[in-house]
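Colleague: Right, I'll just put the structure down here and ask away after.
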Amino acid sequence: MKPKLVVLTGAGISAESGLRTFRDSDGLWEGYNVYEVATPRGFAANPQLVLDFYNMRRRDVAAAEPNAAHLALAALEKDFDVHIITQNIDDLHERAGSTKVLHLHGEIFKMCSVRDKSKTYAIRGDIQLGDLAPDGQQLRPFIVWFEEPVPMMEEAVMIAEEADIFVVIGTSLQVYPAASLIQYIHRSIPKYIIDKKIPPTPGITHITSIEATASEGMKELKNLLQKIFN
């Protein structure tokens, strides 16, 4: 059996594909306050603004391409049972060829009713104010906003607890509950963190830090894994 390699990815891995993050810009995301465009109250206050914002994000993702880090993770499936848990709403992992991807915070190419997020519908174009789901309610992006529960978290914890290797790429480990996943990894399991700015991980053992971009860090990780598992 292949070793189970569980990877938690964040905005840093997609930044190299041209998708900008908000964590490096004082809470602004593409010039917007995240609480205006990424909370239920923001949507209630100005649904048109929020729909327009995610329509732009959808176009951005459609125009982006997977980068070397996405492709390197997909290539690891040859030797490992790779499970990706991503905080990202883009589909770059899937387009790179990764086959087991769990999206904690939703997916930009899906939409749902404001009343019922359990049913999703594919969307490649824009969502307009007045576009209704089959239940008669306004459609919204299938995104887990701040102040909303993270329904996939339980499944993510189950995957993480079974890891033989755990890798964190491009996340500040500041957005919860996603950041808590590292707490579920057995103390003896090797852990790797790839980021341009390594986040603090108090109390976590057996960590190898790779201070680099996602694509450069993946090259180093691949070499380290080959030494251990070949």
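The values are calculated or read from the model by the stated rules, or taken from the named source; none is laboratory data. Only a predicted model underlies this, so the values are computations on that prediction, with no experimental measurement involved. Glycine also receives a Cβ, built like all others from the backbone with ideal geometry; neighbour counts cover every protein chain displayed. Accessible surface is based on the protein model in full, side chains and every heavy atom, while ligands, DNA and RNA are left aside. Shrake-Rupley method; radii C 1.70, N 1.55, O 1.52, S 1.80 Å.
Colleague: What three numbers, in Å, describe the spread of the alpha carbons of the range 1-150 along their principal axes, ordered from the longest?
Modeller: Sorted largest first, the three principal extents are 49, 35, 27 Å.
Colleague: Something else: Sorted by accessible area (1.4 Å probe), largest first, how do S14, S172 line up?
Modeller: Sorted by accessible area, descending: S172, S14.
Colleague: Which pairs in the list K4/K117; K78/K219; K191/K227; K4/K196; K2/K196; K78/K110 are over 19 Å apart, alpha-carbon to alpha-carbon?
Modeller: K4/K117; K4/K196; K2/K196; K78/K110
Colleague: For the chain, take the longest principal axis of its alpha carbons; what is the angle in degrees between that and the long axis of helix 47-63, to the nearest 10 within 0 to 90?
Modeller: Compared with the principal axis, the helix lies near 40 degrees.
Colleague: Let me ask something else about it. What percent does the relative contact order of the chain come to when contacts are Cα pairs within less than 8 Å and at least six residues apart?
Modeller: 23 percent.
Colleague: With labels modelled as points extended 7 Å from the Cα through the Cβ direction, what inter-label distance (nm, one decimal) is found for R59 paired with R20?
Modeller: 1.5 nm
Colleague: Hey, if you drop one equal point scatterer on each alpha-carbon of the range 83-175 and run the Debye formula without solvent, what base-10 log of I(q)/I(0) do you get at q = 0.14 Å⁻¹?
Modeller: -0.59
Colleague: While we're looking at this one, here's another question. Under the 0.36 nm per residue contour assumption, what length would be gained going from the current alpha-carbon distance of K100 and I198 to full extension?
Modeller: Using 0.36 nm per residue and subtracting the Cα-Cα distance, I get 32.7 nm.
Colleague: What's the long-distance tail for the range 132-230, i.e. % of Cα pairs beyond 18 Å?
Modeller: 57 percent
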